[in-house]
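The values are calculated or read from the model by the stated rules, or taken from the named source; none is laboratory data. The shown structure was predicted, so the numbers you read here are calculated from the model rather than taken from an experiment. Here Cβ is always computed from backbone atoms with ideal geometry, including for glycine, and neighbour counts include all displayed protein chains. When the accessible area is computed, the model is the full protein with side chains, heavy atoms only, and any ligands, DNA or RNA have been set aside. Shrake-Rupley method; radii C 1.70, N 1.55, O 1.52, S 1.80 Å.
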Amino acid sequence: MMNSYYQSFFEEIKKRIERNQYQEAYDMIHQEIALPYVPKDCLELLETYREMCLDHLCSSTSSMNTEKIVNWIHGSLSQQENAIPYLRSLNLRQYLDEVQDLLNSKISQQRKGELIEYLMEQKIDVAFTMEKDGLLIQFVPSVILSQDEDLVIQEVMQYFETWFSNEDPSFQAFCLSLMEQEVILRRPFDFTEEEPLPLAKAIVRLVAQAMMRMDEYQCFVQAHQLDKVPDLVLCIEEKENSNGNEMDIE
């Protein structure tokens, strides 16, 4: 049986969909799926609702004129955040100034990371700048390694495959999901300077923590001789801590 938290959560999603508030519903779902642990039955339903919202958002993109998109980009923080999904389906070469404005804005690092991913997908070879961790960074999206091209990420995912695919595939799925979120939050950087094993260990630790399985995690560390592998603090942990949020779900 679905717990009370998710019963209430899905009621809120349904209300927003009934009111045609697809962007709000999508944002709620997107944030929930990004958490390290979501019960399997709830995750499947979240994916169903997310696809429903995306279908409506994509179909409405064609009716969004340039003026409205630009107004959102230069509007409130909420409007700027809402502009991101619409930009994905556009030819971003025609919106270079608007993209730079968004990178200069105070939208979340996750939204900026998503925007950078869209630029990478379209192989935009123009230099952009953004501030990250107090530093001004210049980057060219087309030269950033995608997840499929980044050998470090691929090796991390291979660790998950080796460790969990046979005995705990759901845990593996949560690790993969969290890794994707870590990638987004680190953009515009790739992982070429990272060591795969400490990164994989950190992802496993955070998922185990969220699932309240730290005793099992300690056994896992011993079994795979990871006790001397350095412990990393992930970007997603820093994000959650700065927001004052807990990573685990009752």
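Side notes on the structure shown:
- Boolean, Ala34 is of a type in the set (Gly, Ala, Ser), at pLDDT below 85 and open to solvent by less than 80 Å² (accessible area, probe 1.4 Å): yes
- In this structure, Tyr49 does satisfy being modelled with pLDDT of 85 or more and more than 30 Å from Ser142 (Cβ to Cβ).
- Count of residues meeting criterion [over 19 Å from Thr162 (Cα atoms) and touching a helix residue (DSSP H, G or I) at 6+ places or on another chain (Cβ under 7 Å)] in the range 211-230: 2
- Members of the range 206-228 that are open to solvent by less than 40 Å² (accessible area, probe 1.4 Å) and either over 17 Å from Met157 (Cα atoms) or assigned to a helix (DSSP H, G or I) (or both): Leu206, Val207, Ala208, Ala210, Met211, Tyr217, Phe220, Val221
- Where a residue in the range 134-154 is farther than 12 Å from Pro188 by Cβ and its partner, wherever it lies, is modelled with pLDDT under 95 and open to solvent by 50 Å² or more (accessible area, probe 1.4 Å), with Cβ under 6 Å and at least six apart: Val152/Glu194
- Elements of type helices (runs of 4 or more DSSP H) in the range 56-159, at least 3 residues being surrounded by 17 or more Cβ atoms within 10 Å (Cβ to Cβ) and under 17 Å from the mean Cα position of the chain (by Cα): 77-88, 109-121
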